[in-house]
Amino acid sequence: MYQRILNGLEDFFGISRKEARGALVMMVCCAVIIWMPFIFRRWILPFVPTGSPPPERRVLDSIALLLERQQATKYKPRNRPAANEPAALRPEQIKLVRFDPNTASVRELMGVGISGFLAGRIERFRNKGGRFNRKEDLMKIYDFPPDLYARLERYMVISDQKRGFNAAQQSSSKRSPGTGGKYEVKNSIQVFDINQCDTTELIRLKGIGSKLALRIVKFRDGLGGFHSTEQFNEVYGLDSLALSELKRFAKVGSAVKKININTATAEELGRHPYLRNRKQMQVLINYRTQHGAFRSLEELRNVKVLDEAVIQKAGPYLSF
């Protein structure tokens, strides 16, 4: 009986055996839910003892008065800031003066009208190695009000650190006696293979902290390696500074790990970030079973559920 019902569901809906079991369980649950009110009224409710008589009107009035008093004392305005929150400035203390968002302290940022929680976010962004290269980069701070940015734009000054960077390079240089008087720069960042590096090399880049470095490595390992530097844009949380540093120093120097499209199961294909749709992968497996092995990327376009964007992105990671 059970097998016949599953076979009927498979034939009627055109689903797999596993999906047919799930549909059967769902139907049983729906039937139980529909009949539960009738069963409760007919067989359970008569045996439930009646409750105590309703409270008197005076008791209800006293309870309502007590709740009103508790509500009034519970939501009093907070006069003191939290221990980890900077005290807000009064309006007369706010003065619009020139400031550098890369160097200004939290108090200085609040002095030009930036709220305490936004000033704290800016400081945490800088502590992780972030930098504002343009005035517009300030808008990348989460929940920064556009009207506040428009008011502060003319007062912002982004200092040029190229001169300081060159001076730091010269100070870290050492004249080598065997190089004919030329300078040899030490501790400079070298170009590295993004598919072979670890988080320690990524953290050396500007704008990339430990969390971002770990996120890049996890995304790379999930893909099976980067095949193009343009894929860096798909890593969540990278700002313009981190992207420019990655594209400057991180190069694709080794091949990616490929999946054999003719032997992989739907679960194995679904683990790839570009092939997350398990239903599409099951349709692809069914098409492969009916028509034989795929011989080229062009034949994947015969599977109508796969759009062109998925084929183009996943193509470099498939082997035939």
Give me a count of the residues in segment 267-285 that are crowded, with 18+ Cβ neighbours inside 10 Å and farther than 13 Å from V310 by Cβ.
-> 1
Filter segment 258-277 for residues that are assigned to a loop (DSSP other than H, G, I, E, B) and within 24 Å of the chain's Cα centre (by Cα); which is farthest from S16 (Cα to Cα)?
-> H272
Given (1) in a helix (DSSP H, G or I); (2) more than 19 Å from F192 (Cα to Cα); (3) within 21 Å of the chain's Cα centre (by Cα), index of the condition Q280 fails = (3)
Could you grab the pairs with beta carbons closer than 8 Å, sequence gap of 6+ or different chains, first residue in segment 189-205 and closer than 8 Å to F249 by Cα, second one outside any loop (DSSP other than H, G, I, E, B) and modelled with pLDDT of 90 or more?
-> I189/F249; Q190/F249; V191/F249; V191/A250; V191/K251; F192/F249; F192/A250; F192/K251
Please indicate, with yes or no, whether at least one residue in segment 276-294 is under 15 Å from F320 (Cβ atoms), in contact (Cβ under 8 Å) with a residue 24 or more places away in the chain, of a type in the set (F, W, Y) and touching a Phe, Trp or Tyr at 6+ places or on another chain (Cβ under 8 Å).
-> yes
When you go through L214, L205, L246, L238 one by one, which is the residue that is among the aliphatic types (A, V, I, L, M), assigned to a loop (DSSP other than H, G, I, E, B), under 30 Å from E136 (Cβ atoms) and at pLDDT 90 or above?
-> L205
List every residue pair whose Cβ atoms lie under 6 Å apart, where the two residues are 6 or more positions apart in sequence or sit on different chains, the first residue falls within segment 105-129 and is in contact (Cβ under 8 Å) with a residue 40 or more places away in the chain, and the second residue, located anywhere, is among the aromatic types (F, W, Y).
-> V112/F99
Counting only residues in segment 130-148 that are in contact (Cβ under 8 Å) with a residue 12 or more places away in the chain and part of a helix (DSSP H, G or I), the one surrounded by the most Cβ atoms within 10 Å (Cβ to Cβ) is identified as L138
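The values are calculated or read from the model by the stated rules, or taken from the named source; none is laboratory data. Quantities reported herein were computed from a predicted structural model and do not represent experimental measurements. Cβ: placed from backbone, ideal geometry, glycine included. Neighbour counts: every protein chain shown.
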